[in-house]
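Encoded as structure tokens, the structure appears first; notes follow it.
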Amino acid sequence: MLHGNNLALADYHIHPDFSIDARGSIDDYCRAAIDKGLAEICFTTHYDSNPKAPQSDGMIRIDGTKVPLSFEAIGRYADAVAGASEKYSPEGLEVQCGIEVGYYPGCEELIVELFNKFPFHYKLGAIHDIGDICLCCEHLFKNCFSRLSLEDMADKYFGLVAKAVNSGLFDAIAHLDVYKKYGMRYYGDAILTIHRGRVEPILTLMAANGVGVELNTSALRKGHSEYYPSMEIVNLARNAGVHIAALGSDAHTPADVGFDFDSAATIAYELFPYCDE
Ligand SMILES: [Zn+2]
Ligand SMILES: [Zn+2]
């Protein structure tokens, strides 16, 4: 029987307050992770730099002030995580520096430059915008969805995921069916099966490119009964040979670190092969 206390659980999707929509310092998250008995965490601050989506993108918080994203600002973030890594390693917590890039077509050159400058331990690619409007922001999703039928929205979303996968930039795709976050409210239950026939070619592409899928537990905090992605998609991913890269809470506040990981670990059993009994 799997049990969290016996596992070296790692949370690979955490937003410290460098992300403008998050609360809690890097120290706060590290202490929360230690309190919860996690062995490892990976910070994944936002790097959303779509110049055509300034409503939701392009900012980072440094010393309590929102400033435009820049390599200098990312340097401050990377230094802070490196400091925490040194500080908490003796306490038994490994601290890694990752990034969550909001992918948009045309960002490739900039992101290559970013990754050359900062050798992130874990590079998450995420689709946050369709048609340059945020699909997963509470104040913008209606603007995004009102232009699109459910089918068109799904076609466009998965088309963007395919481009992100093909870019070769990312270790994993974040919250693969995140369109359901507010889309469930907007389009209704039909959204829960809209991946059928659309996600399979994407999964084949992911397997061919060695891009993993994360199991993101934050969907439960938004009233969904399954994670991102749903079990149906997780099973399709396994059948296609896509690996589960990590568990992620997508915490935007320290209390959410490791959220629902005891259950998530039983689904992502391949991350814990040494615990097979
Ligand atoms: Zn995201
Ligand atoms: Zn995130």
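The values are calculated or read from the model by the stated rules, or taken from the named source; none is laboratory data. None of these values were measured; they are calculated from a predicted model. Every residue, glycine as well, gets a Cβ built from its backbone with ideal geometry; the counts of neighbours run over all protein chains shown. Side chains included, ligands, DNA and RNA excluded: accessible areas come from the protein's heavy atoms. Shrake-Rupley method; radii C 1.70, N 1.55, O 1.52, S 1.80 Å.
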I'd like the full set of residues that are within 21 Å of residue 106 (Cα to Cα), open to solvent by 10 Å² or more (accessible area, probe 1.4 Å) and not small (Gly, Ala, Ser), limited to the range 51-75.
51, 52, 54, 55, 57, 59, 68, 69, 71
Cβ contacts < 6 Å: first residue modelled with pLDDT of 95 or more, restricted to the range 86-103; second residue surrounded by fewer than 23 Cβ atoms within 10 Å (Cβ to Cβ) and among the polar types (S, T, N, Q), any location; separation 6+ or different chain. Result?
95/85
Which condition number does residue 110 fail, the rest of (1) touching a residue at least 60 places away in the same chain (Cβ under 8 Å); (2) assigned to a helix (DSSP H, G or I); (3) open to solvent by less than 30 Å² (accessible area, probe 1.4 Å) being met?
(3)
Residue 226 meets each of (1) assigned to a helix (DSSP H, G or I); (2) open to solvent by 20 Å² or more (accessible area, probe 1.4 Å); (3) within 18 Å of residue 268 (Cβ to Cβ); (4) in contact with a helix residue (DSSP H, G or I) (Cβ under 8 Å, 6 or more places away or on another chain) with one exception, condition (1)
Could you say whether any residue in the range 55-63 is in a helix (DSSP H, G or I) and within 16 Å of ligand 2 (Cβ to nearest atom)?
no
Which number in (1) in contact (Cβ under 8 Å) with a residue 40 or more places away in the chain; (2) over 18 Å from residue 170 (Cα atoms); (3) in a loop (DSSP other than H, G, I, E, B); (4) out of contact with any helix residue (DSSP H, G or I) (no Cβ under 6 Å at 6 or more places or on another chain) marks the one condition that residue 31 misses?
(3)
Scope the range 238-256; condition part of a loop (DSSP other than H, G, I, E, B), within 16 Å of ligand 1 (Cβ to nearest atom) and touching a helix residue (DSSP H, G or I) at 6+ places or on another chain (Cβ under 7 Å); matching residues:
249, 250
Selection count where residues are surrounded by fewer than 21 Cβ atoms within 10 Å (Cβ to Cβ), touching a residue at least 40 places away in the same chain (Cβ under 8 Å) and small (Gly, Ala, Ser), scope the range 139-169
3
Can you tell me which residues in the range 238-274 are surrounded by 20 or more Cβ atoms within 10 Å (Cβ to Cβ) and over 15 Å from residue 10 (Cα atoms)?
242
Of the residues in the range 78-107 that are farther than 22 Å from residue 210 by Cα and hydroxyl-bearing (Ser, Thr, Tyr), the one that is least open to solvent (accessible area, probe 1.4 Å) is 88
Taking the condition within 22 Å of residue 272 (Cα to Cα) and either modelled with pLDDT of 95 or more or away from ligand 2 (no atom under 15 Å from the Cβ) (or both), does residue 225 pass?
no
Out of (1) outside any loop (DSSP other than H, G, I, E, B); (2) free of Cβ contacts under 8 Å to residues at least 40 places away in the same chain; (3) buried (at least 19 other Cβ atoms within 10 Å of the Cβ), the one residue 235 does not meet is (3)
Looking only at the range 194-210, decide whether some residue is touching a Ser or Thr at 6+ places or on another chain (Cβ under 9 Å), touching a residue at least 24 places away in the same chain (Cβ under 8 Å) and not in a helix (DSSP H, G or I).
yes
Can you give me the ranges of the helices (runs of 4 or more DSSP H) entirely in the range 126-189 with at least 3 residues that are within 16 Å of ligand 1 (Cβ to nearest atom)?
150-166, 180-187
